[in-house]
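Data first, discussion second: the structure below is written as C-alpha cells.
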Amino acid sequence: MRNDDITSVRVASGYKVTVYSDDNFTGATLTKTADDASLVDDNWNDVVSSLEVSAVGRSSFSTLVQAEAYSAMSGVSTEATTDTDGGLNVGYIETADWMAYNGITFPATGSYKLEYRVASPSGGGKLSLDLNAGATVLGTVDIPATGGWQNWTTVSHTVSVTAGTYNLGIYAQAGGWNFNWFRITRL
Ligand code: CA
C-alpha cells in the first residue's frame with residue numbers, strides 16, 4: 001500500500017487493525033475493531049505508514065522451555081552458555097541425537113510458532129520437531145552458520161498442532177549445533 005494514503009478501513013469480524021503513523025509499527029496508533037468509512041474524523045486521513053492485523057477474543061499463549069530441561073535425551077551434554085540469559089545450553093549434538101520434553105501442553109488446536117535458540121560454527125545442521133517419540137513429525141528447521149559455538153541466533157518455523165499434552169521431541173537430523181532454549185507461541 002502507499003504511504004500516507006489510507007482513508008477507510010474494513011475489519012473482518014473477529015479481527016482488529018492497529019494503524020501506526022510511522023513505519024515499522026512506530027509513532028501514534030489508532031485501533032479499529034470494525035469498518036470505518038472515513039478516518040477524516042479521527043484526524044487519521046492519509047497518515048498511516050504501517051498497520052497490524054490481529055485476532056481478538058482469543059487468549060494468547062507463549063512458553064519458553066530451556067533446552068537443558070529435557071526429560072530424556074540421547075547423545076548430548078550440557079555446558080555453561082554465554083548467551084544473554086546465561087545458565088546452560090545443550091551441546092555435543094550429533095546426527096541422530098535427540099532430546100524429549102514431557103508434558104508440553106498446546107492449549108488449542110491451530111498454528112504455533114516454534115523458535116529455537118541455536119549456535120553453530122559452520123551450519124549444515126537440521127532439527128525436526130516431533131510428538132510422542134517421533135510418531136508425528138511436525139516439521140524441520142535448518143540450522144545456519146553463526147560463526148561460533150556461542151554465537152547465538154533464533155530460528156523458527158510454524159507448525160500445526162491438535163490441542164493436547166504431548167511428549168515433544170527435538171531430533172538432530174544433522175548435528176553440529178548448540179541449543180539453548182525453545183519457545184512455543186500460539187499464532
Ligand atoms: Ca538454556
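Within the range 1-13, is there a residue that is modelled with pLDDT under 95 and either in a strand (DSSP E or B) or touching a helix residue (DSSP H, G or I) at 6+ places or on another chain (Cβ under 7 Å) (or both)? Within the range 1-13, not a single residue is modelled with pLDDT under 95 and either in a strand (DSSP E or B) or touching a helix residue (DSSP H, G or I) at 6+ places or on another chain (Cβ under 7 Å) (or both). For the range 17-44, residues that are in contact with a Phe, Trp or Tyr (Cβ under 7 Å, 6 or more places away or on another chain) and of a type in the set (S, T, N, Q) total 2. Please verify whether the range 43-63 includes one or more residues that are closer than 20 Å to residue 169 by Cβ, touching a Gly at 6+ places or on another chain (Cβ under 8 Å), modelled with pLDDT of 95 or more and within 16 Å of the ligand (Cβ to nearest atom). No, there is no match, as no residue in the range 43-63 is closer than 20 Å to residue 169 by Cβ, touching a Gly at 6+ places or on another chain (Cβ under 8 Å), modelled with pLDDT of 95 or more and within 16 Å of the ligand (Cβ to nearest atom).
Residues that are on the phi > 0 side of the Ramachandran plot and within 11 Å of the ligand (Cβ to nearest atom) within the range 73-91 comprise 86, 87, listed in sequence order. In the set (1) of a type outside the set (Asp, Glu); (2) within 16 Å of the ligand (Cβ to nearest atom); (3) farther than 30 Å from residue 169 by Cα, the condition left unmet by residue 31 is number (2). Among the residues of the range 57-67, those identified as over 13 Å from residue 186 (Cα atoms) and either among the aliphatic types (A, V, I, L, M) or in contact (Cβ under 8 Å) with a residue 60 or more places away in the chain (or both) are 65, 66, 67. Summed over the range 78-112, the residues that are part of a strand (DSSP E or B), of a type in the set (Gly, Ala, Ser) and either loosely packed, with under 13 Cβ neighbours inside 10 Å or in contact with a helix residue (DSSP H, G or I) (Cβ under 8 Å, 6 or more places away or on another chain) (or both) give a count of 3.
The values are calculated or read from the model by the stated rules, or taken from the named source; none is laboratory data. What you see is a predicted model, and the numbers here were worked out from it, not measured in a lab. A quick note on method: Cβ atoms are made from the backbone with ideal geometry, for glycine too, and the neighbour counts reach across all protein chains shown.
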